[in-house]
1. Restricting to the range 106-127, and then to whatever is modelled with pLDDT under 95 and either more than 15 Å from D170 (Cα to Cα) or assigned to a strand (DSSP E or B) (or both), can you tell me which residue is most open to solvent (accessible area, probe 1.4 Å)?
2. From (1) more than 14 Å from W91 (Cβ to Cβ); (2) within 24 Å of the chain's Cα centre (by Cα), pick out the condition that doesn't hold for P127.
3. Of all residues in the range 128-153 being among the polar types (S, T, N, Q) and not in a strand (DSSP E or B), which is surrounded by the fewest Cβ atoms within 10 Å (Cβ to Cβ)?
4. Please find, among W167, W102, the residue that is over 18 Å from A77 (Cβ atoms), open to solvent by less than 30 Å² (accessible area, probe 1.4 Å) and aromatic (F, W, Y).
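The values are calculated or read from the model by the stated rules, or taken from the named source; none is laboratory data. Just so it is clear, the structure is predicted and the values come from calculations on it, not from any experiment. For neighbour counting, all protein chains shown are included, and Cβ atoms are generated from backbone atoms with ideal geometry for every residue, glycine included. These area figures cover heavy atoms from the full protein model, side chains too; ligands, DNA and RNA do not enter into them. Shrake-Rupley method; radii C 1.70, N 1.55, O 1.52, S 1.80 Å.
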Amino acid sequence: MAQVLRLLGSRYVLVLLLLLGIGTVIIIGRALGGPGSPTGVTAGVASAAPTVIASGAEDDSVQAPESPPGPSTSPGATPPQTEATRFLTAWLNHTTVTPDAWYAGMKKYMTSNLAGELAGVDPADVPAARMTGPVTLIDQAADLVQASIPVDSGVVTLRLLATNGRWLVDGVDWTRA
């Protein structure tokens, strides 16, 4: 028994055990971690734009990311911020009307998909009473726009689609402030 303890106390054995331990941790980490991180990802966060390193020579292979095209509808169509305001005004008008009248007031501003989702919804569940700021638009594609509108209890986000030459609300989300 004394010989085993003397052997384990040797510096060489301790170094060997340390290296085996590190190797085991690396092997287990690779097995559980999957493949290495993909290009453009650092510490789990994707890079928003490619990194350009100036070398004195112009390199056409690195390009800035393209922004989505601006929204488009038929010429003369009502702009998306106007449709978003009209829909939200009808959505917020929930205290002095019947559920059927509330739904009918919004229906002309929404897609059939959203109309199906909101059919039968109790207007008493609307978590806001009034708008508190202007509509802010974020272009997602030529036929898709996201509108954010501050209300007295948070922010309402609307997804608008260009459908048959006009903007219609296709999604409603509310975030408490």
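1. In this case the residue turns out to be D125.
2. For P127, the failing item is (1).
3. Going through the range 128-153, the residues among the polar types (S, T, N, Q) turn out to be 132, 136, 140, 146, 148, 153.
Checking which are not in a strand (DSSP E or B) leaves us with 132, 153.
On the way: T132: 14, S153: 16.
The residue in question is T132.
4. Values: W167 fails: over 18 Å from A77 (Cβ atoms).
Of the residues listed, the single one that is over 18 Å from A77 (Cβ atoms), open to solvent by less than 30 Å² (accessible area, probe 1.4 Å) and aromatic (F, W, Y) is W102.
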